[in-house]
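A short worksheet on the structure shown next.
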Amino acid sequence: MNYSVTYKDVEAAAVRLKDKAIKTPVFTSRTANELTKAQFYFKCENYQHVGAFKFRGAFNAIACLTAEQRRAGVITYSSGNHAQAIAYASKLHNSRALIIMPKDAPEIKMAATKGYGAEIYLYDRYTEDREIIAQQLSKEHGLTLIPPYDHPDVIAGQGTAAKELIEEVGALDYLFVPLGGGGLLSGSLLAAKYLLPNIKVFGVEPEAGNDGQQSLRKGEIIHITAPKTIADGAATTHLGQHTFPIIQNLVDDILTVSDQELVSMMPFFAERMKMIVEPTGCLAAAAAMKNNVPIEGKKIGVILSGGNVDLKQFAKWVG
Ligand SMILES: *Cc1c(COP(=O)(O)O)cnc(C)c1O
C-alpha cells in the first residue's frame, strides 16, 4: 500500500525529536498483571512535554516547515492537548501560534495554552466548523495550518511513542492505542507493524464517538455529530484522509469503552501507580483490562496518551 506517511518518516521524526521530546517511562503494574493474567507495559505519555503525546507530532510538523513559514507562524484548532503542543513547540521554534479552541474546552487546557504564549480564538463546537474558521484565519494572517491529526508530519511524530515502547520492551503481542482522529493510531501502526510484523494493534474510542469503528466496518470515513463524552481528546467527528487508509489497512480492530469504564480507570492509576491519567488517556487501558479481547498470557503494550485534567473534576472522579 502507498500511504502519505511511512515508517521511514517515523524514523526521521525520531531523529528530530531526540533530546527535544521526553523519552517517557514505561511502567509495569503487578496489580494489572494479576487482575488480567497478562503482562502490561504502560507507555506514559502523560509525562511528555505539555502532558500528552501531541508534543511529538506538533514539534515534528513545525520542524519540517521552511524557515520562512516558521517565521510567519502557525495556526491550529484543538480541544486542548494539540493546542498546548503547538503552543509550546512553536515557542521552542520562536514561531507565532494562533489556536482555535472550543468555548467549552477544559479551563486547565486554555490556561496552559495561553501560558505558552499562544493567541487564542474561541468558537462554539456545536454550531461552528473549526476547519473553516482555521482556513479563513490562516489566509488572513499568512499562518501555516497544522491540524491535530490529519497531517503526514503530525502522524510521523506521533508514531515515535510506539517506536520507543517497542524498542524498550521488545516483542509485544498486542498494542492498545487511544483513537480520536487517528494521528496517534496511524503513527503507532506504522511503527508497530514495521518493527513487529506479527503484533496485533487495537484502536480504542469512546462509545459515544465510535465513528472510527463505523468507518472501519463500512470501509469509508463516517462523519458523526460532536459526541458528548468525558474523553474530550477523542471527541472527534471523523477520521482523516491521511489517517484512515493507514488504519483501514493495518489495524486489527477498533474497540469502544464507556465513560463509566474510563472513570473507573482513574482511581486505579492514581492509587496503584501514583499517576494522573486524563479520561482520554485511559481509553486503551480500559479496553485492554475490561473488554472482551482475550489477553491472558499475552504481552500487552498500552499507550497512556495524556494526563491533563481539571483537578477538581479529577478529585470527584477518584473520590
Ligand atoms: C489527541 C488525543 C488523543 C487522540 O489522538 P488522535 O491522534 O486524534 O487519534 C488521545 N489521547 C489524548 C490524551 C489526546 O490528547
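Summary of values
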quantity: Spatial separation of Cα centroids for region 142-206 and region 114-134, in angstrom; calculated: 26
quantity: Mean separation of Cα contacts under 8 Å, 6 or more apart, over the residue count of region 164-319: relative contact order %; calculated: 28
quantity: Ser258/Ala226 FRET efficiency (R0 22 Å; Cβ-Cβ; nearest 0.05); calculated: 0.80
quantity: Bins of 10 Å, starting at 0 and running to the largest distance - Cα pair percent for region 1-159; calculated: 11, 36, 32, 16, 5, 1
quantity: Debye log10 I(q)/I(0) for region 73-137, one point scatterer per Cα, at q = 0.14, 0.25 Å⁻¹; calculated: -0.34, -1.01
quantity: Whether region 206-275 is rounded, prolate or oblate, judged on the alpha carbon gyration tensor where a/c under 1.5 counts as rounded; calculated: prolate
quantity: Convex hull volume per residue for region 194-247, taking Cα atoms only, in Å³; calculated: 102
quantity: Over 20 Å [Cα-Cα, region 201-319], rounded percent; calculated: 43
quantity: Contact order relative to length of the chain, as percent, for alpha carbon pairs under 8 angstrom and 6 or more apart; calculated: 22
quantity: Under 19 Å from the Ala111 label point (7 Å along Cα→beta-carbon), backbone N, region 260-278; calculated: 276-278
quantity: Per-selection metrics, region 6-66 (Cα): Rg and Dmax in Å; calculated: 15.0, 51
quantity: Stretchable slack from Lys91 to Lys37, in nm (0.36 nm times residue separation minus alpha-carbon distance); calculated: 15.0 nm
quantity: Three-way shape label, region 142-279, alpha-carbon gyration tensor, a/c 1.5; calculated: rounded
quantity: Simple label model, 7 Å out from Cα along Cβ direction - Asp173 to Leu311, nm; calculated: 4.1
quantity: Share antiparallel - DSSP beta bridges, the chain, percent rounded to 5; calculated: 10
quantity: Helical mean residue ellipticity (222 nm; -39500 (n - 2.57) per DSSP H run of 4+; nearest 500) of the chain; calculated: -13500 deg cm²/dmol
quantity: Reach of Lys37 by Cα under 29 Å, taken over lysines that are not fewer than 8 positions away in the same chain; calculated: Lys23, Lys163, Lys193, Lys200, Lys274, Lys290, Lys298, Lys299
quantity: Descending semi-axes in Å of the chain, equivalent ellipsoid built from Cα gyration tensor; calculated: 28, 21, 19
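Values in this text are rule-based calculations from the coordinates and carry no lab data. Nothing here was measured: the structure is a model prediction, and the numbers come from that model. Cβ sites come from the backbone with ideal geometry, for glycine too, and all protein chains shown count toward neighbours.
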